[in-house]
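Working notes, beginning with the structure itself.
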Amino acid sequence: MSAIELEGLRKVFRVRERTRGFGGALRGLFAPRTREVVAVDGVSFAIAPGERVAFVGPNGAGKSTTLKVLSGILRPSAGRVRVAGLEPGRDRGQLGYKIGAVFGQRSQLWVHLPAADSFDLLARIYELAPAEYRARRAELMKAFELGEIAEKPVRQLSLGERMRCELVASLLHRPEILFLDEPTIGLDVVAKATIRDLVRERSLSDGCTVLLTSHDTGDMERVCERVLVIHRGQLLLDRPVEALRRSFIPRKRIRVVSEEAELAIALPGVVRLPSAPHKTELEVDLRAIGVDRVVAAIVASGRVLDLSVEDPPMEEIVGAIYGGARAAERTA
Amino acid sequence: MSAPAKYLALAGVGARRALGERAALVGYCVFLGSVLFIFARVWKLIGVASPLPGVGPRELVWYLALAEWAVLSAPMVYLAVEADVRSGDIACRLVRPVPYVGAQIAEALGEAAVRLLALGPSAFLFAWFFAGGLPADPRGLLLAPPLALLGSLLWVLSLVLIGLSAFWIVDTSPVYWIWQKLGFVLGGLLFPLELYPEWLQRVARFTPFPNLCWAAGRSAFGFAPVEACALFAQGVGWATLLGLALYALARRARARLVVNGG
Amino acid sequence: MAKLRPTLAFLRALVATNLRASLALRGAFLLQAGLMILNNLAFFAFWGILFGRFREIGGWKLPDMVTLYGVVACGYGLAVAILGGTRNLARAIADGQLDPLLVQPKPVLVQAVASASTASGWGDVVTGVGMLWVAGKLQPESLPFVIVAVAVSGLVFSASAVVVQSLAFWAGDVAELARQLWNWTLNFSLYPRPLFAGGISFLLYTILPAGFVGFVPVDLVREPSLAQLALAVGACVGWCALAFAVFQAGLRRYESGNSFGTRPS
């Protein structure tokens, strides 16, 4: 049985213009002006238990909306939704025990108290048996290295520390599914790496399904095995992360540092990118020519001091997808 | 731009802001109406046995209307000043050509003027309706506007003073509440000082509070131009004192800024 | 009801956490509570002076006024100290702060209102208890009625506030309106009963919650009777039911995504 199943999800919002002041509020009550916005338009996918899936897309693409439908915060306009075997709109109360959620910008921790106090309250919310709760809490606090951090008031913590506490809070009740909405937003590079590794490890050891939304493709690469790309409310792509890179943009980038100021390379399928003297940057179209031939040509044309062969940055891959570069797609 | 013109312009800013918050103005009018409704019933129930000559339930309702009129028109300028101090904005504003304090006062007076104009007719109509007519000597009402305006000025001056205290105290709201309560009690907001026990009346006369509410309110009791002028002069005196206190405090504040770096 | 035990445990934990959070800022807590006591006493001074002068207003004497103040201050104080989130509910709704609560398996309204505490409320409680003691209402024979009255007063106040704040689900910027009504209700619950003897005013003050926050519970303390008890408790239950119903309706609207300020993304 799938952990998450979506079939033809459609979510339409009737958006009203926000009013100012109470004259406007009164008007808003009786004669509102509305327009329709289709946030999600026929999205379907299924996620197996234990999978880690990234939900990627630009702002306004429909990621957060989909996540909210899955976690029961919003009701779909049309379509079939099953999460942990339950229908989120109808069985929200029951679903609460089986899912955990971390919304990057909204906290479930009490700001003036230590995180440990929030954990205790959550134990009551999720009706956890005391002994089981204590054991679980100890396990998570060790894994997330919280120790002293959990004893300080949350408002005194750094963003990275706070996010670790939030994650522990969302995992206390052993949810089957964890929804993460922009979990690494605002974090520095080190904190991002820490969070990503922790989420991945937890998912592996607990067997919990993870669905995360992000702008940051690093989240996608380090945590997840599968990517769902959404744009303008529609699912553009549903691929394993690796396949995305390999098949989608069949290009590689080669950076060379040479003794000569300039290298003479002229091969079909090789494009020279602008760069500084002594440095050469080439983009190789793998459909036209193999990397080995290009490298051989480079080595033959001058004295090479440094050479690297790279995949194009993930941003570019994803950006190309949004740009509708589907024509260039090669089947995986 | 000359200094008076600058201040006038700032008053205009405050006035325009008050005009923009129409819903709040309606709220104040409704509040005024409800308070008058309540107290009209209080005075009716207590009956005509009023200890003051020529002052009956009707005049007492008018008294309240005028006193509230002065009080409700003063904007919460202490909040704005406190916010400036907290955010540190005040650091750059204290060195601008128009003295910061003067600017705040001018803006607040602009707002107060708009509110006085907006609440005036409501106060009049509500009082007339709930009291059941004009006071025994309606000429007294003509003396009310300047006294109410002066009352508003005194409120504004004291509120700016409270706001400036944010330099030393973190949260000025408690100071405001206490000042407001003192103003209501010693200023005779809900009923005239003449109804207070002797000792309390004596205490009140040493404070500026009576000029905040009572001075405007007692115009409901009759046409007494001489007394009104005396009260006005007294009010001006208090305003000057408060102004001096403001000046001194602002200088201390600036000194503190320079020392602490804002 | 197998659910009763864990639900009670949850409620107890929620209130305990809330109280702990409000005590976390020690200095501010004491200051706010202390100043509120002063504030209340000064406010009451009016009635003290008035009754001192005029002995009685329509049959009510100073002790009656003290009782009124005591009950309302206690009720209101407990309401803002324990259910402090009520005051901010409209803004929480508008800012989407309910989302994390929707994902949890416990009732959203309870969590939303019981997750904040206003420290000054304790000052009100202290004032209220003091006044009730002065009025001689803390004797064993009147104490149960006092407790019921205080509970009714506080709950009706909170429930009516929830109803108004929940309008944010439909109309957006209700914060200012809610604030005015909040102050209004409190203000008008503090006026003596005889003022509302006339037909229309009596009606107004029972339909508007001020009557059920103020003189109905107080009448229960002044002249306890089964009928008064039934009226007070009935009104309380009615208002609470209304509050839940309105909030649930609003929540359903929120879940449809069509409430104000929802930004689809």
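Computed from the coordinates by the stated procedures, all read-outs in this text should not be read as laboratory data. Source: prediction; values computed, not measured. Positions of Cβ are backbone-derived with ideal geometry, glycine not excepted, and every protein chain shown enters the neighbour counts.
Charging the Cβ of each Asp and Glu at -1 and of each Lys and Arg at +1, and nothing else, the dipole of the protein assembly as shown about its Cα centre rounds to 1000 debye.
With each label modelled as a point 7 angstrom along the Cα→C-beta vector, the residue A:59-residue A:156 pair spans 3.5 nm.
A straight chain from residue B:9 to residue B:173 at 0.36 nm per residue would run longer than the Cα-Cα distance by 56.1 nm. Whole-Hz Karplus values for the stretch B:213-224 come out as 10, 4, 4, 6, x, 6, 4, 6, 8, x, 8, 10 Hz, taken residue by residue from phi with 6.51 cos²θ - 1.76 cosθ + 1.60 and θ = phi - 60°; glycine and proline positions read x. Derived scalar couplings between HN and Hα for the stretch A:48-59 equal 7, x, x, 6, 10, 10, 9, 10, 10, x, x, 4 Hz in order, rounded to whole Hz, by the Karplus curve 6.51 cos²θ - 1.76 cosθ + 1.60 (θ = phi - 60°), x for Gly and Pro. Between the amide H of residue A:40 and those of A:11, distances stay under 5 Å, these residues lying 5 or more places away or on another chain, with hydrogens modeled in the peptide plane.
Helix content alone sets the calculated 222 nm mean residue ellipticity of chain A: runs of n ≥ 4 DSSP H residues at -39500 (n - 2.57) each, divided across all residues, give -10000 deg cm²/dmol. Within the stretch B:194-219, which residues have the backbone N less than 14 Å from the label spot 7 Å out from residue B:136 along Cα→beta-carbon, could you tell me? Residues passing the 14 Å test: B:219.
Annotation for the stretch A:48-141: trypsin sites (Lys or Arg not before Pro) lying in DSSP loop with at most 14 further Cβ atoms inside 10 Å of their Cβ are A:90. Shape summary of chain B, radius of gyration then Dmax from alpha carbon positions: 19.2, 62 Å. With kT/(6 pi eta Rh) evaluated at 4 °C and eta = 1.567 mPa s, and Rh the Kirkwood radius from Cα pairs, the stretch A:250-311 diffuses with a coefficient of 114 µm²/s according to Stokes-Einstein. Legend: ranking of residues A:1, C:65 from fewest to most surrounding C-beta atoms inside 10 Å; resulting order A:1, C:65. The label point for residue A:276 and the one for residue B:93, both projected 7 Å from the Cα toward the Cβ, are 4.8 nm apart. For chain C, the relative contact order works out to 24 percent when only alpha carbon pairs closer than 8 Å and six or more residues apart are counted. Applying 1/(1 + (r/R0)^6) with R0 = 45 Å to the Cβ-Cβ distance of residue C:176 and residue A:44 gives a FRET efficiency near 0.50. Residues whose amide H falls under 5 Å from that of residue A:52, counting only those 5 or more places apart or on a different chain, are A:210, A:225, A:226, with hydrogens built in the peptide plane.
What is the calculated FRET efficiency for residue B:226 to residue A:35, with r their C-beta to C-beta distance and R₀ = 51 Å, to the nearest 0.05?
After rounding, the FRET efficiency stands at 0.15.
With a Förster radius of 60 Å applied to the beta-carbon distance between residue B:76 and residue A:291, the computed FRET efficiency rounds to 0.25. Of the residues C:179, C:91, C:20, the one that moves most in a GNM of chain C with alpha-carbon contacts below 10 Å is C:20.
Highest mean packing first, where packing is the average number of other Cβ atoms within 10 Å per residue, the peptides A:167-176, B:23-32 line up as A:167-176, B:23-32. Residues whose amide H lies under 5 Å from that of residue C:172, counting only those 5 or more places away or on a different chain, are C:260; hydrogens are built 1.01 Å from N in the peptide plane.
Mark the label point 7 Å from the Cα of residue C:61 along Cα→Cβ and return the residues of the stretch C:100-139 whose backbone N is within less than 14 Å of it. Those under the cut-off are C:135-136. Considering only B:46, B:138, B:248, and ranking their Cα positions along the charge dipole of the stretch B:3-260 that arises from unit charges at the beta-carbon of Lys, Arg, Asp and Glu, the one farthest toward the positive end is B:248.
Springs between Cα atoms under 10 Å define the GNM used for chain A, and in it the highest mean-square fluctuation of A:119, A:13, A:55 occurs at A:13. The label point for residue A:78 and the one for residue C:30, both projected 7 Å from the Cα toward the Cβ, are 6.5 nm apart. Per residue of C:107-118, other chain Cβ atoms within 10 Å of the residue Cβ number 1 on average.
The magnitude of the dipole of the stretch A:250-311, with charges of +1 and -1 set on the Cβ of Lys/Arg and Asp/Glu and taken from the Cα centre, is near 160 debye.
For chain B, a Gaussian network of Cα nodes joined below 10 Å ranks B:233, B:131, B:123 by mean-square fluctuation, and the top entry is B:233.
What does the charge dipole of chain B about its Cα centre add up to, to the nearest 20 debye, if the Cβ of each Lys and Arg holds +1 and the Cβ of each Asp and Glu holds -1?
Numbers: 20 positive and 13 negative charges, 87 e Å.
So the magnitude is around 420 debye.
Legend: distances between Cα atoms for B:181/C:137; A:68/A:192; A:98/A:142; A:68/C:106; A:11/C:106; A:252/A:279; pairs beyond 20 Å are B:181/C:137; A:68/A:192; A:98/A:142; A:11/C:106. Per-residue extension of 0.36 nm, minus the Cα-Cα distance of residue A:234 and residue A:2, leaves a gain of 81.4 nm for this segment.
Direction-averaged projected area, Cα convex hull, the protein assembly as shown: 46.0 nm², rounded to one decimal. Couplings for the stretch A:131-142, taken from phi via the Karplus curve 6.51 cos²θ - 1.76 cosθ + 1.60 with θ = phi - 60°, read 5, 4, 4, 4, 4, 5, 5, 4, 4, 5, 5, 5 Hz in order; Gly and Pro are left as x. Ordering B:127, B:28, B:199 by Cα displacement along the dipole of chain B toward the positive end leaves B:28 in first place; charges were set at the Cβ atoms of Lys, Arg (+1) and Asp, Glu (-1). On the principal axes of its alpha carbon atoms, the stretch C:94-198 extends 47, 36, 23 Å, with the longest extent given first. Each pair of Cα atoms in chain A enters the Kirkwood radius, and Stokes-Einstein at 20 °C and 1.002 mPa s then converts it into a translational diffusion coefficient of 94 µm²/s. The residues B:77, C:152, A:299, when put in order of fewest to most other Cβ atoms within 10 Å, stand as A:299, B:77, C:152.
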